[in-house]
Ligand code: HEM
């Protein structure tokens, strides 16, 4: 479950980076424009962007497909505690040490932010047209918590591995409890 969710999130991140970088519509439009200039042809800026979006589409479709996969994984993740697996831990338990409390709060916030990304993503795709723009404004903010979580999560896992939880990395890879 951990690796399916992690891989899906990294895949989504990859599509976002491609969209922002190598496959950015403005860059692609510029390449087409420069090529057309060498053959004495022109297209309007709008036409160039339409073409660029069409070129980007097969890549971006994977954001949507993996988004749906993640919705399924997320629902399964929420149901697992009812079957006695992967229980959510309460960060507000007073007996917990500060470090563990922080760890559980980060997980809780992360799950809430992922829920927001999934819901806004679904509304953009399947919801009424008038909601599309406000949902997009919220949805694109996903990149910030995602990068922040990845950084905190990696740092936390490495800290645990090299201090009081030796073997934590091989455990999550092998699945051994
Ligand atoms: C945790 C899950 C998700 C994350 C972290 C995420 C992240 C992002 C980010 C950062 C962008 C902005 C890309 C950019 O313009 O720079 C984006 C755009 C988009 N996402 Fe997601 N996404 C998630 C799930 C979904 C789901 C479930 C769907 C739909 C099934 C979806 C559909 C879209 C669409 C249609 C856009 C384009 C919006 C636009 O044109 O401005 N996403 N996503």
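For the range 27-59, the set of residues classified as within 16 Å of the ligand (Cβ to nearest atom) and over 30 Å from residue 71 (Cα atoms) consists of 27, 28, 29, 49, listed by residue number. Is it the case, given these coordinates, that residue 59 is more than 24 Å from residue 156 (Cα to Cα), in contact with a helix residue (DSSP H, G or I) (Cβ under 8 Å, 6 or more places away or on another chain), outside any helix (DSSP H, G or I) and modelled with pLDDT of 95 or more? It is false that residue 59 is more than 24 Å from residue 156 (Cα to Cα), in contact with a helix residue (DSSP H, G or I) (Cβ under 8 Å, 6 or more places away or on another chain), outside any helix (DSSP H, G or I) and modelled with pLDDT of 95 or more.
In summary, residue 5 fulfils each of the numbered conditions (1) more than 16 Å from the ligand (Cβ to nearest atom); (2) in a helix (DSSP H, G or I) with the single exception of condition (1). Restrict the check to the range 17-38 and report whether at least one residue is within 30 Å of residue 160 (Cα to Cα) and within 24 Å of the chain's Cα centre (by Cα). Scanning the range 17-38, I find at least one residue that is within 30 Å of residue 160 (Cα to Cα) and within 24 Å of the chain's Cα centre (by Cα), so the answer is yes. Of all residues in the range 60-77, exactly one satisfies the criterion of being free of Cβ contacts under 8 Å to residues at least 40 places away in the same chain and more than 11 Å from the ligand (Cβ to nearest atom), namely 75.
For the range 80-177, the helices (runs of 4 or more DSSP H) that sit wholly inside it and include 3 or more residues that are away from the ligand (no atom under 16 Å from the Cβ) and not assigned by TED's automatic domain parsing to the domain that holds residue 67 are 98-126, 142-162, 168-174.
The values are calculated or read from the model by the stated rules, or taken from the named source; none is laboratory data. Treat the numbers as computed from the prediction; the structure is a model and nothing was measured. For neighbour counting, all protein chains shown are included, and Cβ atoms are generated from backbone atoms with ideal geometry for every residue, glycine included.
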